[in-house]
Each structure stands twice: as C-alpha cells, then as structure tokens.
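The block underneath contains the structure these notes are about, expressed in structure tokens.
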Amino acid sequence: MASITDLLAQGRTLSFEFSAPRDEDGALRLDRTLARLSELRPSFMSVTYGAGGSTRGPTHDVVQHIEVDLGVTTMPHLTCVAHTRDEIEGIVARYRALGTQNILALHGDVPLDGPDHPTGDFTRAIDLVGFIRERAPFAIGVAAHPEGHPRAESRAADLEHHVEKLREADFAMTQFLFRAEYYERFVEEMAARGVTTPVVPGVMPPTNVEGLARMSAMNNTEFPADLRARLEACGDDAAARREVATDVATRLCEELLAAGAPGVHIYTLNFSEPARTIARNLEAALGRVEN
Ligand code: FAD
C-alpha cells in the first residue's frame with residue numbers, strides 16, 4: 001500500500017472518510033459503501049476512531065478489510081485522549097504488522113462542557129506525532145481547523161498551535177468547511193509563517209440540516225445561511241437534498257482544487273451517494289480521466 005506523502009507528490013488525491021460502525025447494521029451498510037466506493041480507485045480511505053471508546057475496536061478491522069480485501073490504501077485515525085503510551089504503542093505495532101503506511105494523529109473529540117484533556121498520557125496531537133514517529137515509518141497526518149478550533153483561546157494562539165503541529169507532520173487534513181476562502185486564508189497564514197506542509201481540505205456533502213447545524217456549531221464551521229435555506233426548501237424530498245449536496249460539494253471541491261489544494265477528502269458519513277457522483281464530477285479536475 002502507498003504512503004500518502006508519495007501520493008501527494010504524484011498528483012492530486014481523492015480520498016474518502018468513513019466512520020467506524022457502532023453496530024451490526026452499521027457494519028453491513030459500511031461494507032456495501034466501501035465496496036461501491038473502492039470501485040472508483042480512490043487514492044486512500046480513512047476510518048475514524050471513537051475517542052470516547054465506543055467505536056475504537058472496529059477501526060482496525062475496517063482498515064484491515066479495506067487494505068487486504070479491497071486493496072485500497074488506508075489512513076486510520078488515532079486519537080490520544082484517554083490512552084496510555086503502552087496502548088498507543090500496541091495499536092501502532094498492529095498497524096505496522098498489517099502493512100499500513102499512514103496514520104492521522106489526533107487529540108480526539110471531547111464533550112465541550114468537559115475538561116480539555118480527560119485522562120491519558122498525551123494531551124496534544126503533536127505529542128502523538130512525535131511518539132509515533134519514533135516507532136513507525138508512517139506518513140503522519142494531523143487535523144487542521146481553518147476556521148479556528150472551538151477551544152482556541154484566540155486566533156493568534158490557534159495559528160501558532162497549527163504552525164507547531166504542521167511542522168512536525170507530513171500532511172494535514174482539514175475539518176469540513178463550506179467556503180473555499182477559509183481554506184485559502186489558512187494555507188496563506190501557514191505559508192506566511194514558513195509552513196508549507198500539504199493541507200488537504202475536507203468536504204462534507206450537505207444533506208441533513210439538523211445534523212449539519214449541530215456538527216458545524218461543535219466544530220466552529222460556518223454553515224452558510226443560503227445553503228441552509230436551499231436545503232430547507234427541499235423539505236422531506238431526500239432526492240432533492242442529495243442533489244443540492246452533490247451540487248454544492250462538487251462546486252466547493254472545484255474551487256478548492258482551483259485554489260491549489262493538493263487533493264480533496266470527502267466525508268462520506270458511510271453513504272456511497274452523493275460521494276460517488278461527486279467523485280465522477282471531479283474526474284477532470286483531479287486529472288483522473290482514463291483514455
Ligand atoms: P490538538 O492539535 O491537540 O489541539 C486541539 C486544539 O486545541 C488546537 O487546534 C488549539 O486550538 C487548541 N490548543 C491545544 N493546545 C494549544 C496550545 N498549546 N496553544 C493554543 N491552542 C492550543 N475526533 C475523534 O474523536 N475521532 C476521529 O477519528 C477524528 N477524526 C478527525 C479527522 C479530521 C480531519 C479532523 C479535522 C478532526 C477529527 N476529529 C476526530 C476531531 C478532533 O479530534 C477534534 O477536533 C479535537 O478537538 C482536536 O483534535 P486535534 O488533533 O486538532 O487536537
């Protein structure tokens with residue numbers, strides 16, 4: 001399987017993110033989605049890790065399925081909250097044995113009204129990067145928050161935190177966003193501070209108004225009023241909402257790629273549509289058209 005550092009050096013990447021399933025029904029749906037989306041030959045697929053504990057176990061199994069059965073490069077997510085050094089060491093060793101070449105090193109989601117760092121031997125993603133670097137030759141990615149992390153004390157402190165973290169990483173993946181200008185501004189702010197680590201933007205096809213409002217508030221992502229109005233105008237018509245999502249996400253990806261993004265990372269929410277249509281729409285922009 002490939003290193004994401006090499007993939008980014010070869011050209012623009014197309015990747016898909018999946019959530020580790022919570023139950024058997026979710027696992028079956030995820031399997032179907034993975035099979036459909038693997039047909040598109042994505043550059044890599046990533047699988048989330050439940051910092052709270054509920055979906056920690058399945059991440060390794062899903063990663064193994066993608067690598068071994070589907071033959072697609074993976075990027076498992078790994079969060080450090082509530083983990084000991086020994087536990088992280090064990091998880092990294094298992095991924096090495098599997099042949100995984102990439103990892104996304106994260107702090108992990110914690111409840112907004114709780115303490116920043118509940119328990120565990122690590123308090124920051126950057127410490128996880130250093131720990132993994134000493135133990136495995138992985139391409140290591142980190143999270144970037146172009147609109148600022150909700151817990152940041154100030155924009156300046158947030159930018160400094162990103163500078164420090166991105167310097168140690170091989171690449172970064174952003175929180176989902178709806179405005180390309182926030183991505184551009186963030187990349188410029190990093191470059192102005194001497195950081196040129198590739199930053200791959202995350203794009204979430206917007207279908208569900210309530211879910212998006214909740215996730216946007218949690219992540220400090222602007223949920224544009226005109227997008228909200230477009231989705232609300234669709235009412236209960238799921239097909240119409242999917243059409244809006246496909247259209248909005250395709251245009252956003254095109255803008256991001258035109259702005260110089262080294263690839264796009266689609267948050268699939270474990271559905272094959274609209275991710276599949278978006279990927280097809282982007283074939284030319286990504287230079288993936290076959291002759
Ligand atoms: P860190 O880099 O450790 O920092 C978090 C933020 O805290 C910083 O951005 C900064 O604003 C602030 N901060 C910390 N230290 C300082 C400091 N010294 N000075 C100033 N500010 C500071 N969560 C999961 O639980 N599982 C997943 O699989 C998962 N996948 C994700 C994938 C992507 C692409 C992204 C963007 C996020 C993902 N998350 C996931 C969510 C992520 O864990 C949360 O956003 C978390 O709150 C922050 O993680 P981090 O790795 O950016 O943390």
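The values are calculated or read from the model by the stated rules, or taken from the named source; none is laboratory data. Computed from a predicted model, the values in this text were never measured in an experiment. Positions of Cβ are backbone-derived with ideal geometry, glycine not excepted, and every protein chain shown enters the neighbour counts.
Listed residues 205, 198, 224; which is of a type outside the set (D, E, K, R) and touching a Ser or Thr at 6+ places or on another chain (Cβ under 7 Å)?
205
Can you run down the residue pairs with Cβ atoms below 9 Å, 6 or more apart or on separate chains, where the first is in the range 211-228 and under 17 Å from residue 143 (Cα atoms) and the partner is assigned to a loop (DSSP other than H, G, I, E, B) and aromatic (Phe, Trp, Tyr)?
Listed by first residue and then by second, the contacts come to 215/223; 216/178; 216/223; 221/178.
Yes/no matrix, rows are residues, columns are (1) part of a helix (DSSP H, G or I); (2) of a type outside the set (S, T, N, Q); (3) within 30 Å of residue 284 (Cα to Cα):
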site	(1), (2), (3)
14	no, yes, yes
17	no, yes, yes
27	yes, yes, no
78	no, yes, no
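I need every pair where a residue in the range 86-106 that is over 17 Å from residue 134 (Cβ atoms) and without any contact (Cβ under 8 Å) to a residue 40 or more places away in the chain has its Cβ under 8 Å from the Cβ of a residue that is hydrophobic (A, V, I, L, M, F, W, C) and within 14 Å of the ligand (Cβ to nearest atom), sequence separation at least 6 or different chains.
So the pair list comes out as 98/63.
Kindly list, by first and then second residue, each pair from a residue in the range 14-34 that is farther than 17 Å from residue 278 by Cβ to a residue that is away from the ligand (no atom under 16 Å from the Cβ), limited to pairs with Cβ atoms under 6 Å and residues at least 6 apart or on different chains.
Note: pairs meeting the criteria are 21/27.
Taking the stated definitions as given, is residue 208 within 25 Å of residue 110 (Cα to Cα), touching a residue at least 40 places away in the same chain (Cβ under 8 Å) and not hydrophobic (A, V, I, L, M, F, W, C)? Full working, then the answer.
Values: within 25 Å of residue 110 (Cα to Cα): yes; touching a residue at least 40 places away in the same chain (Cβ under 8 Å): no; not hydrophobic (A, V, I, L, M, F, W, C): yes.
Spelling it out, it is not the case that residue 208 is within 25 Å of residue 110 (Cα to Cα), touching a residue at least 40 places away in the same chain (Cβ under 8 Å) and not hydrophobic (A, V, I, L, M, F, W, C).
Please enumerate the residues belonging to the range 153-174 that are among the polar types (S, T, N, Q) and closer than 20 Å to residue 8 by Cβ. Steps first, answer last, please.
Pass one, the range 153-174, residues among the polar types (S, T, N, Q): 154, 174.
Result: 174, single match.
Any chance you could count how many residues in the range 138-170 are in contact (Cβ under 8 Å) with a residue 12 or more places away in the chain, on the phi < 0 side of the Ramachandran plot and in a loop (DSSP other than H, G, I, E, B)?
Residues in the range 138-170 being in contact (Cβ under 8 Å) with a residue 12 or more places away in the chain, on the phi < 0 side of the Ramachandran plot and in a loop (DSSP other than H, G, I, E, B): 9 in total.
Yes or no: residue 160 farther than 16 Å from residue 77 by Cα and either more than 8 Å from the ligand (Cβ to nearest atom) or of a type in the set (S, T, N, Q) (or both)? Steps first, please.
Numbers: farther than 16 Å from residue 77 by Cα: yes; either more than 8 Å from the ligand (Cβ to nearest atom) or of a type in the set (S, T, N, Q) (or both): no.
Here the answer is no, as residue 160 does not meet what is asked.
Within the range 193-208, track down each residue that is surrounded by fewer than 17 Cβ atoms within 10 Å (Cβ to Cβ) and either under 21 Å from residue 255 (Cα atoms) or among the β-branched types (Val, Ile, Thr) (or both). Even if it seems obvious, please write down each step before you answer.
Keep residues of the range 193-208 that are surrounded by fewer than 17 Cβ atoms within 10 Å (Cβ to Cβ), which gives 193-194, 196, 208.
Passing the criteria: only 196.
Can you name the residue in the range 61-87 that is at pLDDT below 95 and either within 14 Å of the ligand (Cβ to nearest atom) or of a type in the set (A, V, I, L, M) (or both) and, of all such residues, is farthest from residue 121 (Cα to Cα)?
79
In this structure, does residue 155 turn out to be at pLDDT 95 or above, within 16 Å of residue 80 (Cβ to Cβ) and either surrounded by fewer than 16 Cβ atoms within 10 Å (Cβ to Cβ) or more than 9 Å from the ligand (Cβ to nearest atom) (or both)?
No; evaluated as a whole, the condition is false for this residue.
Just give me the residues in the range 117-152 being near the ligand (Cβ under 8 Å from one of its atoms) and more than 15 Å from residue 166 (Cα to Cα), in sequence order.
123, 150, 151, 152, listed by residue number.
Please go through the range 107-121 and pick out each residue that is surrounded by fewer than 21 Cβ atoms within 10 Å (Cβ to Cβ) and at pLDDT 80 or above. Walk me through it before giving the result.
Applying the first criterion (surrounded by fewer than 21 Cβ atoms within 10 Å (Cβ to Cβ)) to the range 107-121 yields 109-121.
Answer for the range 107-121, where residues must be surrounded by fewer than 21 Cβ atoms within 10 Å (Cβ to Cβ) and at pLDDT 80 or above: 109, 120, 121.
Can you tell me which of (1) more than 18 Å from the chain's Cα centre (by Cα); (2) not in a helix (DSSP H, G or I) is the one residue 201 doesn't meet?
(1)
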